[in-house]
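The structure under discussion appears below in the form of structure tokens.
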Ligand SMILES: [Ca+2]
């Protein structure tokens, strides 16, 4: 239905408050006619959504100006959509970022700042982005990594959440604390024999109570595309698109690709696309001048892969191999994305499908001497965001406004004509899709927790069009223990923090006014979309920080009475800080942490007033 399309409007789909809105449409049309509003043509079907999540992809893409990388398929998606040049995740690590995007709420609302917490602990009745589409009559399905693995959400989908390793994993739609696993026949493994972990070694580790070792950090794979998890996912997605076309119902298909996340495993042909000497090196290989040491980290995620040199910085020759692997893995993913675009064309779905592609956060490839994510720097927080809306007049353009991943939920609802639920933390980007030069008012805010000598802090990093200002604030308090300021125009590599210079104090004060007030974010589900749920039972609304530490120990480490360091780290996202905590907890210094030590060592959480 097109109702007096406004100048510059991209596309207007029927706005339905809920599936019951279908019943209302003839009445609404009659009302509009009586009011003299022009109603033209039959209502087109609501657009489908193809939602593509890429793990650990930084904007190292042709359409973002990289001249070496080969990403022809993502570039052709860019040519039919809007490229958001300054899109920022809310926290540069998988689960907090994905959870925030999929719930439309910041990490301070989801209470997911780590890799151990399900968002339904804090927001039991939250209506997720796909769930909102499901409630509006869409058929919703997920392939491979969408939520962080192990934190799936059965209420989001109409069918089991499929993974390429022989399983579908979901939570029970009624009781989200129950996991449901079903088997299917597509089961591919990542490594070839040489790079795979040694099963005998892992048996020995298991006997000592240690977690299994990973395979190598990279592999030039002898396998064919579809013998690797992402190739199998692309093949499944092509089949699903065909089936969804036959179904004739609007769909929301979420397809996750695991690469370029470590390990960098890609078929040889993608490695062969690059001469490693042509791949650019980081502009700076150490932390910025005048930046606090704890803003960085010790590259633990990378060091956990066998064969990676133990020292920092990573030796140049090995770093070059890793960068080569990252590029190969991106080109492999690009090829898989191309298969989805081809399938949309082949099925005749392209003209009625909104496509969004996002990487869950940025990635450091030795920049600042750092690898992987887990920081508040520009290169870890900035991630690709491409949105293609059929018939958009702005196709192929780029938008420089700072935007946030919490904006994706309201944007997709908006461009598909669904109501935008109350309580979301982001804003629809439709004005920018209609006009990339639209008035910009907002900043993007990312965050990352750290342990410091002065206690736990949350680093809030605020980005406007020119500057990045990061405040490290006490958890649950108001004290700022460190501030960083970067001029992204004149120093895009963030080589020096300007926060100590007197001429920038007024600017820093202005940024400080944008900090989330202490305790401003709700800790329960009270900001769930209106009418979506009942009052929360107190037990489930409690956050892990509110939990009794004994209960937390039992939840995280069921059946255990004491923990080795490896066992402890397996459930902690911030390895460096966690190692320090482990030492602190281990009061009798015997190399293990008992349940009692865990309870005593944690002390009172500063977030609990
Ligand atoms: Ca990730």
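For the peptides 226-236, 296-306, 82-92, what is the packing order when you average, over each peptide's residues, the other Cβ atoms within 10 Å and list the highest mean first? List each step's numbers first, then the result.
Details: 226-236: 22.3, 296-306: 18.4, 82-92: 27.0.
Result, highest mean Cβ count within 10 Å first: 82-92, 226-236, 296-306.
Enter the mean projected area of the convex hull around the alpha-carbon atoms of segment 327-449, in nm², rounded to one decimal.
Projected area, direction-averaged: 9.5 nm².
Would you calculate the convex hull of the Cα atoms in segment 43-150 and tell me its volume per residue in Å³?
139
With a 10 Å radius around each residue's Cβ, average the other Cβ atoms per peptide and rank 360-368, 417-425, highest first.
My ranking of the peptides, most packed first, is 360-368, 417-425.
May I ask you to order 558-569, 155-166 by the average number of other C-beta atoms within 10 Å around their residues, highest value first?
Numbers: 558-569: 15.6, 155-166: 20.4.
By packing density, highest mean first, the sequence is 155-166, 558-569.
Compute the distance from the alpha-carbon center of segment 46-91 to that of segment 187-245, in whole Å.
Comparing the Cα centres of segment 46-91 and segment 187-245, I get a distance of 25 Å.
With all pairs of different alpha carbon atoms counted, what Kirkwood hydrodynamic radius in Å does segment 298-397 show?
This gives a value of 16.2 Å.
Please report, in cubic angstrom per residue, the volume enclosed by the convex hull of the alpha-carbon atoms of segment 444-512.
98
Cα extents of the chain along the three principal axes, largest first, in whole Å?
Principal extents (largest minus smallest coordinate, Cα): 80, 55, 54 Å.
Read the figures in this text as sums done on the coordinates, not as results from a lab. Just so you know, these numbers come straight off a predicted model, no measurement behind them. Please note: Cβ atoms are built from the backbone with ideal geometry, for glycine as well, and neighbour counts cover all protein chains shown.
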